[in-house]
Amino acid sequence: MTKPSPLRLTRPDDWHVHLRDGIVLKDVVPHTAAQFARAIVMPNLKPPVVTATMAAAYRERILAAVPAAMNFEPLMTLYLTDNTSPDEIRRAVDSGFVHGVKLYPAGATTNSDAGVTDIQRCMRTLEVMQDTGLPLLIHGEVTEHSIDIFDREAVFIDRILQPLRKSLPALRVVFEHITTKDAAEYVRDAEGDIAATITAHHLMYNRNAIFQGGIRPHYYCLPVLKREPHRLALVEAAISGNPRFFLGTDSAPHPKGLKEHACGCAGCYTALHAMELYAEVFEANNALDKLEGFASFFGADFYRLPRNTDVVTLQKSEWIIPDELTLGDTTLVPLDAGRSLRWKFIPHG
Ligand SMILES: [Zn+2]
């Protein structure tokens, strides 16, 4: 029997990741840096990263956690609040290392309490983003308790996103971690400069995963997993070769004890094995030839950054996802812990 040939790809980037801060950086940054050349780093720290000065300091802390043998560039973001000034946007653009501004509707997810209460309060700031071409990265869910959690993304498109893009048609938008057919179709068909990131877990699982034989906190994330037709629409978008859809893991480290908890945190940890998970999805859909565009080209093109030139390998080789990983003075449970993977990521060509 001949050995299956390995898959060689231009080195990928992760266009949406949570690295957190403090002592856990040394545990999570090496996972992302091993697979990805660059990553868009989310700003939802406590307190959130709201100025270019704070982003500069956070960037230094991340770089200090990159192992000497690895090359990794954190692409920083600011956290949009009701009070973010137009001047702060100009400083961010001038910095050269801030590549986007994140909109969290207040209360939408982990550490989003400082988020935007009403997008109308941000219009002058958003106008400067439109003028300078700095992308707005959107957590696209409404937060009203009267709206069902499974409907919040679709309602956001109608109530917030479409009116916003009508007022600011040249604002560059990344609809982050889309989870619905509605979002995939909106991004595919909308006019103007819009793209979307898609996580590995939303490509792999529908909402049954959260309830398989009992409550499964490690499959709880926000936006929450949806029904199977939505998952299928996301897969179709990811493997379509449409450059509006690209890789963003939304890998989010939470201590095991805060996931397995009466009020468990939202988030899946995939930084360790992201490319292996995406490769499984693309392989299962006979689309391995589309993985490189999705993982390595389209995000860089949207963010107007050069594509990477070095090469990585995905080898057909089984290994078991560890049950737990170190996270500072505690542990975390990676997505699909204990399961066997079919691919192994090799960080060189
Ligand atoms: Zn996120």
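The values are calculated or read from the model by the stated rules, or taken from the named source; none is laboratory data. What you are looking at is a predicted structure, and each value in this text was computed from that prediction instead of being measured. Counting neighbours? That spans all protein chains shown, and the Cβs are built from the backbone with ideal geometry, glycine included.
Quick check: anything in the range 279-291 of a type outside the set (A, V, I, L, M, F, W, C), in a loop (DSSP other than H, G, I, E, B) and touching a Phe, Trp or Tyr at 6+ places or on another chain (Cβ under 8 Å)? Before the answer, list the steps.
Filtering the range 279-291 for residues of a type outside the set (A, V, I, L, M, F, W, C) gives 280, 283, 285-286, 289-290.
Then drop every residue that is not in a loop (DSSP other than H, G, I, E, B), which leaves 285-286.
Next, only the ones that are touching a Phe, Trp or Tyr at 6+ places or on another chain (Cβ under 8 Å) stay: none.
No: zero hits.
Filtering the range 219-232 to residues that are within 16 Å of the ligand (Cβ to nearest atom) and out of contact with any His (no Cβ under 9 Å at 6 or more places or on another chain) leaves Tyr220, Val224.
In the set Ile215, Ile210, Ile178, which member is touching a Pro at 6+ places or on another chain (Cβ under 9 Å), without any contact (Cβ under 8 Å) to a residue 24 or more places away in the chain and either among the hydrophobic types (A, V, I, L, M, F, W, C) or surrounded by fewer than 23 Cβ atoms within 10 Å (Cβ to Cβ) (or both)? Working first, answer last.
On the way: Ile215 fails: touching a Pro at 6+ places or on another chain (Cβ under 9 Å); Ile178 fails: without any contact (Cβ under 8 Å) to a residue 24 or more places away in the chain.
That would be Ile210, the only listed residue that is touching a Pro at 6+ places or on another chain (Cβ under 9 Å), without any contact (Cβ under 8 Å) to a residue 24 or more places away in the chain and either among the hydrophobic types (A, V, I, L, M, F, W, C) or surrounded by fewer than 23 Cβ atoms within 10 Å (Cβ to Cβ) (or both).
Reported count of residues in the range 184-215, each being within 15 Å of the ligand (Cβ to nearest atom) and part of a helix (DSSP H, G or I), is 3.
For the range 323-345, the set of residues classified as surrounded by 15 or more Cβ atoms within 10 Å (Cβ to Cβ) and under 19 Å from Phe282 (Cα atoms) consists of Leu335, Asp336, Leu341, Arg342, Trp343, Lys344, Phe345, listed by residue number.
For the range 215-234, the candidate set comprises residues that are of a type in the set (A, V, I, L, M, F, W, C) and touching a helix residue (DSSP H, G or I) at 6+ places or on another chain (Cβ under 6 Å); within that set, the residue that is nearest to Arg339 (Cα to Cα) is Leu225. So is Leu305 more than 16 Å from the ligand (Cβ to nearest atom), aliphatic (A, V, I, L, M) and surrounded by fewer than 17 Cβ atoms within 10 Å (Cβ to Cβ) or not? The answer is yes for Leu305.
State whether the residues of the range 156-170 include one that is assigned to a loop (DSSP other than H, G, I, E, B), within 15 Å of the ligand (Cβ to nearest atom) and not aromatic (Phe, Trp, Tyr).
Residues of the range 156-170 that are assigned to a loop (DSSP other than H, G, I, E, B), as a first pass: 168-170.
Those left that are additionally within 15 Å of the ligand (Cβ to nearest atom): none.
Checking the range 156-170: not a single residue is assigned to a loop (DSSP other than H, G, I, E, B), within 15 Å of the ligand (Cβ to nearest atom) and not aromatic (Phe, Trp, Tyr).
Would you pick out the residues in the range 221-250 that are in a loop (DSSP other than H, G, I, E, B) and within 12 Å of His177 (Cβ to Cβ)?
Initially, the range 221-250 is screened for residues in a loop (DSSP other than H, G, I, E, B), giving 221-227, 239-244, 248-250.
Across the range 221-250, the qualifying residues are Cys221, Leu222, Pro223, Val224, Leu225, Lys226, Gly248, Thr249, Asp250.
Name every residue in the range 300-325 that is in contact with a Phe, Trp or Tyr (Cβ under 8 Å, 6 or more places away or on another chain), assigned to a loop (DSSP other than H, G, I, E, B) and of a type in the set (Ser, Thr, Tyr), in order of residue number. Quick ask: steps written out before the conclusion?
In the first step, residues of the range 300-325 are kept if they are in contact with a Phe, Trp or Tyr (Cβ under 8 Å, 6 or more places away or on another chain); the result is 302-303, 307, 312-317, 325.
From the residues that got through so far, the ones that are assigned to a loop (DSSP other than H, G, I, E, B) too are 303, 307.
Within the range 300-325, Tyr303 is the sole residue that qualifies.
Is it fair to say Glu144 is modelled with pLDDT under 95, assigned to a loop (DSSP other than H, G, I, E, B), farther than 25 Å from Pro334 by Cα and not β-branched (Val, Ile, Thr)? Let's see the steps before the verdict.
Values: modelled with pLDDT under 95: yes; assigned to a loop (DSSP other than H, G, I, E, B): yes; farther than 25 Å from Pro334 by Cα: yes; not β-branched (Val, Ile, Thr): yes.
When the stated conditions are applied, Glu144 passes them.
Of Ala190, Ala170, all but one fail to be among the small types (Gly, Ala, Ser) and closer than 19 Å to His230 by Cβ; the exception is Ala190.
Yes/no matrix, rows are residues, columns are (1) surrounded by fewer than 18 Cβ atoms within 10 Å (Cβ to Cβ); (2) at pLDDT 95 or above; (3) more than 23 Å from Phe302 (Cα to Cα):
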residue	(1), (2), (3)
Ser95	yes, yes, no
His99	no, yes, no
Pro105	no, no, yes
Gln120	yes, no, yes
Phe150	yes, yes, yes
Asp158	yes, yes, yes
Pro163	yes, yes, no
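Is it the case that the range 249-258 has a residue that's touching a Lys or Arg at 6+ places or on another chain (Cβ under 8 Å), farther than 22 Å from Asp13 by Cα and away from the ligand (no atom under 16 Å from the Cβ)? No.
When residues in the range 154-178 are screened for being touching a strand residue (DSSP E or B) at 6+ places or on another chain (Cβ under 9 Å) and not hydrophobic (A, V, I, L, M, F, W, C), 4 of them pass.
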